[in-house]
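Undergrad: Got a structure for you, written out below as structure tokens; questions coming shortly.
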């Protein structure tokens, strides 16, 4: 019986020890779970705060950049304003100087304006009469050989290549010399005009023993005409100049044969002498 009781007591002790061990494990388990949840919660809050801080820092950087741009714009505006103020001051100073130097009365200014208008109208009349005189003198030539017109206050006599030259040549044909002789007579009878001879070509390249390119050809043709007008027909050499423009000032497209033929021309440009007009403007 004693043995039976001892057996039961040992068995109960073992049971109690097992329960105590399990309780200890359970307690440790519960103790370890508590701090782990708090740590996870704290870490999540830290991550959130870091994210918000990064966003705020980005916004701050953008604001700083905008502030830098605004400061730059303000500085540029100040510089422009200063420049405009300097220009305005210069203009005002010039106006004051002109006002002090000018001794013309309103009546004097009105007379000067009237003189200018009369002189301009007189020059227009001269150029109109000159244009009509040249057109009448050269009326026997066809419209595809030459044309006479007024442009920008100047009289233009446009002479086609077919009237003056053979293709690629700067030697004036007899028919062209006859037209130039007639033109020279009209020009010599008209005072106070200057004459500019301009040679023009199409855009077809040329390279010969005599001419490197179209510029060479156009210039040489203009010089040939100057020599005919001056040496052969006595026109005043001091009133005439020559230049070549090559293919760079076409009047028609170079995509067609007709257009290229129109571009191969020599222009005699007659301009009024502006000396008296300049003297009246700046006296």
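Undergrad: Restricted to the stretch 145-169, and to residues that are in a helix (DSSP H, G or I), in contact (Cβ under 8 Å) with a residue 60 or more places away in the chain and touching a strand residue (DSSP E or B) at 6+ places or on another chain (Cβ under 8 Å), which residue is nearest to residue 226 (Cα to Cα)?
TA: By that ranking, first place goes to 164.
Undergrad: Against the condition buried (at least 16 other Cβ atoms within 10 Å of the Cβ), in the same structural domain as residue 153 (by TED's automatic domain parsing) and under 18 Å from residue 134 (Cα atoms), how does residue 194 come out, does it pass?
TA: yes
Undergrad: With the structure loaded, tell me whether residue 206 is in contact with a helix residue (DSSP H, G or I) (Cβ under 7 Å, 6 or more places away or on another chain), in the same structural domain as residue 115 (by TED's automatic domain parsing) and either surrounded by fewer than 17 Cβ atoms within 10 Å (Cβ to Cβ) or within 22 Å of residue 162 (Cα to Cα) (or both) or whether it fails that test.
TA: yes
Undergrad: Another one. Considering every residue within the stretch 139-147, establish whether at least one is assigned by TED's automatic domain parsing to the domain that holds residue 246, within 17 Å of residue 265 (Cα to Cα) and crowded, with 20+ Cβ neighbours inside 10 Å.
TA: Yes: the stretch 139-147 contains one or more residues that are assigned by TED's automatic domain parsing to the domain that holds residue 246, within 17 Å of residue 265 (Cα to Cα) and crowded, with 20+ Cβ neighbours inside 10 Å.
Undergrad: Right, next: Would it be correct to say that residue 197 is touching a residue at least 60 places away in the same chain (Cβ under 8 Å), touching a strand residue (DSSP E or B) at 6+ places or on another chain (Cβ under 7 Å) and outside any loop (DSSP other than H, G, I, E, B)?
TA: It is true that residue 197 is touching a residue at least 60 places away in the same chain (Cβ under 8 Å), touching a strand residue (DSSP E or B) at 6+ places or on another chain (Cβ under 7 Å) and outside any loop (DSSP other than H, G, I, E, B).
Undergrad: Report, by residue number, each residue of the stretch 116-132 that is more than 16 Å from residue 149 (Cα to Cα) and surrounded by 12 or more Cβ atoms within 10 Å (Cβ to Cβ).
TA: Of everything in the stretch 116-132, those that are more than 16 Å from residue 149 (Cα to Cα) and surrounded by 12 or more Cβ atoms within 10 Å (Cβ to Cβ) turn out to be 116, 119, 120, 122.
Undergrad: Of all residues being loosely packed, with under 12 Cβ neighbours inside 10 Å and within 39 Å of the chain's Cα centre (by Cα) in the stretch 148-166, which is farthest from residue 264 (Cα to Cα)? Just the residue, please.
TA: 152
Undergrad: In the same structural domain as residue 131 (by TED's automatic domain parsing) and either in contact (Cβ under 8 Å) with a residue 24 or more places away in the chain or buried (at least 17 other Cβ atoms within 10 Å of the Cβ) (or both), is that true of residue 255?
TA: Taking the combined requirement at face value, the residue does not satisfy it.
Undergrad: Let me ask you something else. Does residue 135 satisfy being modelled with pLDDT of 95 or more, in contact with a strand residue (DSSP E or B) (Cβ under 8 Å, 6 or more places away or on another chain) and either exposed (fewer than 13 other Cβ atoms within 10 Å of the Cβ) or within 22 Å of residue 199 (Cα to Cα) (or both)?
TA: no
The values are calculated or read from the model by the stated rules, or taken from the named source; none is laboratory data. The shown structure was predicted, so the numbers you read here are calculated from the model rather than taken from an experiment. Reconstructed Cβ throughout: ideal geometry from the backbone, glycine too, with neighbour counts over all protein chains shown.
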